[in-house]
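Input: a single structure, listed below in structure tokens.
The values are calculated or read from the model by the stated rules, or taken from the named source; none is laboratory data. Since we're looking at a predicted model, the values are computed, not measured. So basically every Cβ, Gly included, is an ideal-geometry build from the backbone, and we count neighbours across all protein chains shown.
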Amino acid sequence: MSDKSKIYISEFDLKRLKELIKVAEQFGDKRVVRYLEELDEELDRAESMKPQEIPHDVITMNSTFRLRNADTDEEMVYTLVFPGEADSAKGKISILAPIGTAVLGCKIGDNIEWEVPAGLKRFRVEGIVYQPEAAGDFHR
């Protein structure tokens, strides 16, 4: 997960993500329950605000952002999406993927860590390529 600093989320994203969790828990694959719980924990510590008030250096849903691997110095570009839009070949990562949950609400300069079977992954948020709120797209 990301370091435990405050994360920011739009009221719109918070509502959609809480609904996603509710529906997925009722009807979804039981193997993703742990990811749903982690997402719910992240949302519980998030500061919710109007989309127009979201700082432009924060990763929100549908944001495209750059991460730098702290171990290899490799830089990657991803877009954070809802599960039905995920496509790893196009760099679209699901909010329910461990990395997706970890980056939600993080700001440029934040360090992110999460455990994977191969060990600890460490990344730094290097930049925001596109953020819907900054672009005036408040109701996507």
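Can you say whether Gly109 is modelled with pLDDT of 85 or more, under 15 Å from Phe123 (Cα atoms) and of a type outside the set (Phe, Trp, Tyr), as far as the supplied structure shows?
So Gly109 passes the test.
Yes or no, residue by residue, for (1) among the aliphatic types (A, V, I, L, M); (2) within 19 Å of Ile9 (Cβ to Cβ):
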| position | (1), (2) |
| --- | --- |
| Glu41 | no, yes |
| Ser63 | no, yes |
| Ala89 | yes, no |
| Ile108 | yes, yes |
| Glu113 | no, no |
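Answer yes or no: is there a residue in the range 115-127 that is of a type in the set (D, E, K, R), without any contact (Cβ under 8 Å) to a residue 40 or more places away in the chain, out of contact with any helix residue (DSSP H, G or I) (no Cβ under 7 Å at 6 or more places or on another chain) and over 25 Å from Glu47 (Cβ atoms).
Yes, the conditions are met somewhere in the range 115-127.
Among the residues of the range 83-140 satisfying the criterion of being assigned to a strand (DSSP E or B) and basic (Lys, Arg), which is surrounded by the fewest Cβ atoms within 10 Å (Cβ to Cβ)?
Arg122
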